[in-house]
């Protein structure tokens, strides 16, 4: 089942309403401040509901400081700035 662009899997819960599923989605997204990718709702056998979910990775933009300016992408650079960026020493995370 697909709801709000999220893959929903119901295990042993045939009578669950769409409104209840949306409330689970909203609760998880509000707690984590990230969007859900997948949600599995199952009956745990004790009258409770077990939630298993996966969040979408956070999007980020790489910011560089080149010739004194903070920029996100280099697509608008002229040839001199492109050459300067190309000639820089790249440092790894190790």
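Values in this text are rule-based calculations from the coordinates and carry no lab data. All figures in this text were calculated on a predicted structure; none of them were measured in a lab. Note that we place each Cβ from the backbone using ideal geometry, even for glycine, and neighbour counts take in every protein chain shown.
Compute a Gaussian network model of the chain, connecting alpha carbons closer than 10 Å, and tell me which residue from 35, 65, 56 fluctuates the most.
The residue with the greatest mean-square fluctuation here is 65.
Using a Gaussian network model on the chain with a 10 Å cutoff between Cα atoms, which of 51, 39, 70 fluctuates the most?
Between 51, 39, 70, it is 70 that shows the largest mean-square fluctuation.
For semi-axes √(5λ) of the Cα gyration tensor in Å, pick the label among (i) 26, 16, 13; (ii) 48, 14, 10; (iii) 28, 16, 13 that corresponds to the value derived from the coordinates.
Comparing each candidate, only (ii) matches the computed number.
Restricting to the chain, what percent of DSSP beta bridges are antiparallel, rounded to 5?
70
I need the shape label for segment 2-55. Rule: rounded when a/c is under 1.5, else prolate if a/b > b/c, else oblate, with a, b, c from the alpha carbon gyration tensor.
prolate
For n ≥ 4 DSSP H runs only, could you compute -39500 (n - 2.57) per run for the chain, divide by its residues and tell me the 222 nm figure to the nearest 500?
-8000 deg cm²/dmol
With a point put 7 Å past each Cα toward its Cβ, work out how far residue 86 is from residue 10 in nm, to one decimal.
Inter-label distance under the simple model: 5.8 nm.
Run the simple label-point estimate for residue 77 and residue 93 please: 7 Å along Cα→C-beta, distance reported in nm.
2.2
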